[in-house]
Amino acid sequence: MRRESPFEALPEYLPPGRLVTPQRSFARPARPTGPALWVSDEPLPDAGTRWIELFAQHERTGLYPLLLDTLRGDPGRPWHDGELKPPTPAGAIDMLTAEGVLRRFWDSVVPDSEDGAEEEPSGPWPGLAPPGVGGPDADTAAAFAESLGASRHWLLGLVPATRGADSVTLCGWSGPINHTNHTQEISAVLRSWEERFGARVVSVGFDTLQLSVAAPPRTFEHALQVTAEHLAFCPDNIWQGCGDLEMYADGLLDEDSWSFWWD
């Protein structure tokens, strides 16, 4: 029996849009096997409201919504141009742990104190931060999507994914390519943040990612522990941002959204 495409039952009320397949020139050496996501034809003035509606239906439809941004000055990239990798299956994420991924990232960006490094921080991976405490995940996600939608127009995307953490891998996104070429590593960390901090993927850009966070750190000590994870996950966020770990940690206190950018 032929397996139905996950896009055969798209909601009827969607705006004009298209199914996007990774282009072969971007997908080498792998071969694209079909559409990776649905994307609206134009940025929408009500994308935030639409995201909230689709997010509420996600468990029924199996399609996870994303507010999609493009490369500044080139609105076709990466979504309409299919500048995507062939989707990696969710099973590749299942094989990873956030602890293992972040430890490897940490070792690649933080100097070893035994080598005489004077930079801060230095030394071995400090381990995962404990979970946060907060309110309903869906309410926080909806409020953040509404805020983003009110600030500007966004493309709307739908990805066949059981959870938002997996959507960035299953759509073939390669935004963090200068940090990792294996987006399943990003998803493994996002899964853990979903569970520990009530994080939900809301928007994805050419090389950016924005999450709602229902259970952020409430103490400075906890925020410093989370900062270590952010440093490993996206070092550009800090070194090309405020450049100071304590200042960055202070900005995480009670903050209900996290934004990341990879150079």
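Only the coordinates and a few stated rules stand behind these numbers; no lab work does. Small disclaimer: the values here were computed from a predicted structure and weren't measured. For neighbour counting, all protein chains shown are included, and Cβ atoms are generated from backbone atoms with ideal geometry for every residue, glycine included.
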- Query: What Kirkwood radius, in Å to one decimal, follows from the Cα pairs of the chain?
  - Reply: 18.9 Å
- Message: Would the stretch 175-256 count as rounded, prolate or oblate if I go by the C-alpha gyration tensor, calling it rounded below 1.5 in a/c and otherwise prolate when a/b exceeds b/c, oblate otherwise?
- Response: oblate
- Between residue 9 and residue 221, the two model label points (7 Å from Cα along the beta-carbon direction) sit apart by a distance in nm of 4.9 nm
- Item | In order through the stretch 160-172: 3J(HN,Hα) via Karplus (6.51 cos²θ - 1.76 cosθ + 1.60), integer Hz, x for Gly, Pro | x, 7, 6, 8, x, 4, 7, 4, 5, 7, 6, 9, x
- Among 102, 220, 49, whose Cα lies farthest out toward the positive end of the dipole of the chain, if unit charges sit on the beta carbon of Lys, Arg (+1) and Asp, Glu (-1)? 49
- Message: Per 0.36 nm of contour for each residue apart, how much would the distance between residue 122 and residue 23 grow if the chain were fully extended, relative to their Cα-Cα spacing?
- Response: 31.5 nm
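Suppose we look only past 16 Å in the calculated P(r) of the stretch 44-117. What percent of the Cα-Cα pairs does that tail hold?
Of the Cα pairs, 74 percent sit more than 16 Å apart.
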- Message: With the cut-off at 1.5 for a/c, could you classify the stretch 32-181 from its C-alpha gyration tensor as rounded, prolate or oblate?
- Response: prolate
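May I ask you to order 133-140, 192-199, 174-181 by the average number of other C-beta atoms within 10 Å around their residues, highest value first?
Final packing ranking: 192-199, 174-181, 133-140.
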- Message: What's the magnitude of the charge dipole for the chain around its Cα centre, counting Lys and Arg as +1 and Asp and Glu as -1 at the beta-carbon? Answer in Debye, nearest 20.
- Response: 1420 debye
- Give the shape of the stretch 128-210 as rounded, prolate or oblate, defined through the alpha-carbon gyration tensor: a ≥ b ≥ c are the square roots of its eigenvalues, a/c under 1.5 means rounded, and otherwise the shape is prolate if a/b is larger than b/c and oblate if not. oblate
- Query: With θ set to phi - 60° and the Karplus curve 6.51 cos²θ - 1.76 cosθ + 1.60, what are the ³J(HN,Hα) couplings of the stretch 121-129 in order, to the nearest whole Hz, using x for Gly and Pro?
  - Reply: x, 8, x, x, 4, x, x, 6, 6
- Message: Just want the answer: with Cβ charges of +1 for Lys and Arg and -1 for Asp and Glu, which residue in 82, 126, 180 is farthest toward the dipole's positive end in the chain?
- Response: 82
- Separation of the stretch 144-215 and the stretch 53-93 by C-alpha centroid, Å? 9 Å
